[in-house]
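See structure below.
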Amino acid sequence: MYLIVVGLGGIGRSLAGLAAEEEHSVVVIDRDDKCADILEEYDLLAVSGNATDKNTLEDAGIDRADALVATTSDDALNLMACWLAKKYEVKTLVSIVNQKEHADLFKEVGVRISENPD
């Protein structure tokens, strides 16, 4: 599976690590420092940038992704990244929803949501 993980907080880092250990093709998107940190531990591709930018998603290989998982603490960023991934016909979209009142927006886009995944 070709998986893109947006956000390298606790959840995103754990998910990316588990997927890499299972030998999936994993790409992570976050800031430079977080990308550099995870590369020291796992064999995956790290793209420094903003997942709401089409160029960043293209650098991450969005056109061949089987799934995108948005794990940031910013619902707007998560929603936009999922919406763009849907435009690229990514089959599986999953996101953290930090504010319960935003859940319906994610569902409208066709995103599987996780509230309070910790």
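The values are calculated or read from the model by the stated rules, or taken from the named source; none is laboratory data. The structure displayed is predicted, hence computed values, not measured ones. As a convention, Cβ positions derive from the backbone with ideal geometry for all residues, glycine included, and neighbour counts pool all protein chains shown. Areas reflect the complete protein model, heavy atoms only, side chains present, ligands, DNA and RNA absent. Shrake-Rupley method; radii C 1.70, N 1.55, O 1.52, S 1.80 Å.
Labels on offer are (1) -0.61, -1.21; (2) -0.56, -1.40; (3) -0.49, -1.24, and the one holding log10 I(q)/I(0) by the Debye sum over Cα atoms at q = 0.14, 0.22 Å⁻¹ computed from this structure is (3).
Applying 0.36 nm per residue to the separation of ASN50 and ALA76 and subtracting their alpha-carbon distance, the gain on full extension is 8.1 nm.
Can you give the net charge of the other residues whose Cβ lies under 15 Å from the Cβ of ALA36, counting K and R as +1 and D and E as -1?
Charge balance in the 15 Å sphere: -4.
Quickly estimate the mean residue ellipticity at 222 nm for the chain, helices only: each DSSP H run with n ≥ 4 gives -39500 (n - 2.57), and the total goes over all residues, rounded to 500. Helix-only estimate at 222 nm: -11000 deg cm²/dmol. Rolling a 1.4 angstrom probe over the protein heavy atoms with all chains in place gives the chain an accessible area of 55 Å² per residue.
Evaluating 6.51 cos²θ - 1.76 cosθ + 1.60 at θ = phi - 60° for every residue in the range 42-59, the Karplus couplings come out as 10, 8, 7, 9, 10, 10, 7, x, 10, 6, 8, 9, 4, 5, 5, 4, 5, 4 Hz, glycine and proline recorded as x. For LYS100, a cut-off of 23 angstrom between C-alpha atoms picks up these lysines, skipping any fewer than 8 places away in its own chain: LYS86.
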